[in-house]
1. B:ILE88 accessible area, nearest 10 Å², 1.4 Å probe?
2. Which distances in nm, rounded to one decimal and ordered from shortest, link the label point of B:VAL74 to the equivalent label points in the other identical copies, with labels set 7 Å from Cα toward Cβ?
3. Would you mind checking which residues have amide H under 5 Å from A:LYS78's amide H? H placed 1.01 Å from N; only 5 or more apart, or other chain.
4. Of A:LEU26, B:LEU109, which has the most accessible area and how do the rest follow, probe 1.4 Å?
5. Using a 7 Å offset from Cα along the direction of the beta-carbon, what are the separations from A:ASP48 to the same position in each other copy, nm, ascending?
6. Distances from A:SER21 to the same residue in each other copy, label points 7 Å out along Cα→Cβ, in nm, shortest first?
7. Whose Cβ in chain A comes nearest the axis that rotates A onto B, and by how many Å?
8. Calculate one ³J(HN,Hα) per residue across region B:69-76 by plugging θ = phi - 60° into the Karplus curve 6.51 cos²θ - 1.76 cosθ + 1.60, and present them in order as whole Hz with x for glycine and proline.
There are 2 protein chains.
Amino acid sequence: MFHFRDQDYRCSSEIVMRLVSGKWKLAILYVLSQTSLRYHELQKRLPDATQRMLTMQLRELERDELVVRKVYPVVPPKVEYSLSELGIQMVPLLNALCDFGTLYMESPLRNHSKADTSSVQYQ
Amino acid sequence: MFHFRDQDYRCSSEIVMRLVSGKWKLAILYVLSQTSLRYHELQKRLPDATQRMLTMQLRELERDELVVRKVYPVVPPKVEYSLSELGIQMVPLLNALCDFGTLYMESPLRNHSKADTSSVQYQ
DNA sequence: CGGTATCCGGCGCGATACTG
DNA sequence: CAGTATCGCGCCGGATACCG
C-alpha cells in the first residue's frame, strides 16, 4: 500500500513533520506562498502570533531552507521574507494537507461529536 | 498559489497536523496500512515505543477515527488494530509526506550541513 | 495478553520588557 | 522597524511498577 520501505517511509515522513511542526509554520508558509512580506506585514496577517514566536518560527524555517530572509541595509531596517525554491516545491504538499483536512472534517464516516476540532482562531 | 481561502487553508491543514502529531502516529499508520495487527505485534514492529506511549497514541488515533480497535471477548485477551475507512483515505497523503521528505533530503538546493536531520532510529 | 497508574523532566510556547 | 532577553507554565513523553 505504501511504496516505500519501512526505513524510508518513517524517516522521510517524519522529516516533513519536523519541518512544519511549530505553532505558526503552516500559517507562515501559507501567507508567503501568496506574496513576499516584510516582518511587520507578516505580523499584521498573523495578529495572534507574538513577536517572539513569529521570529522563532521564521528563523527555523530559514534554517531549514524553506524560507529566505533578505535584509536590506537601510535605515530604518527592512527585512523581507519569501519562500525558497524548496518552500515553493512544498506548496503542493501543503495543499494536499489542506485537502485531507477538509475531507476529514466533512466526511460522513466521521462521528462528529467525538473528535475535538476546535482550533486557533485567525482573523 | 494555494487554492483555498485563508480560513479554509489554515484550519484544514492544521487539523491534519493535529491528527498525526504524536511520536508514534505516523509509524503506527504506516504499519497498519500494510496489515491489521494485534497489540503485541505492533509492539514488536515499534520496539522503541513504550507500552504507555503505544497505547496512548493508539487511543488518540482511535478517538480521531483513523484507526479501529476491535476487542475479541476471549481469554487470553485479543485486540486487533486496523486502519479505518478514513485512515485508508489518508494513505496517499502519508505517501505525499514521504515523497517530499525524500525530495527534501536529496535536494541539491539544500545546504546539507545546516538542517539537523538526525532522527529516531527504528529497527 | 493487553493494558493502567504514578512520578517526573524537558521544551514549546506565552507574557512582558527592553534595544540597535 | 525588526527584532532580543528573561521568566514561567503546561503538557508531551520517559521510566517504572502494577493489574484484570
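The values are calculated or read from the model by the stated rules, or taken from the named source; none is laboratory data. These numbers were taken from a predicted model, which means no experiment stands behind them. Neighbour counts are summed over all protein chains in view; Cβ atoms, including those assigned to glycine, are modelled from backbone coordinates with ideal geometry. We work out accessible area using only protein heavy atoms, side chains counted, and drop any ligands, DNA or RNA first. Shrake-Rupley method; radii C 1.70, N 1.55, O 1.52, S 1.80 Å.
1. 70 Å²
2. 7.4
3. Sorted by chain and number, the residues that satisfy this are A:TYR72.
4. Final ranking, largest accessible area leading: B:LEU109, A:LEU26.
5. 3.3
6. So the label point of A:SER21 gives 1.0 nm to the other copies.
7. A:ALA96, 2
8. Per residue, the Karplus-derived 3J(HN,Hα) values read 10, 10, 9, 9, x, 10, 10, x Hz.
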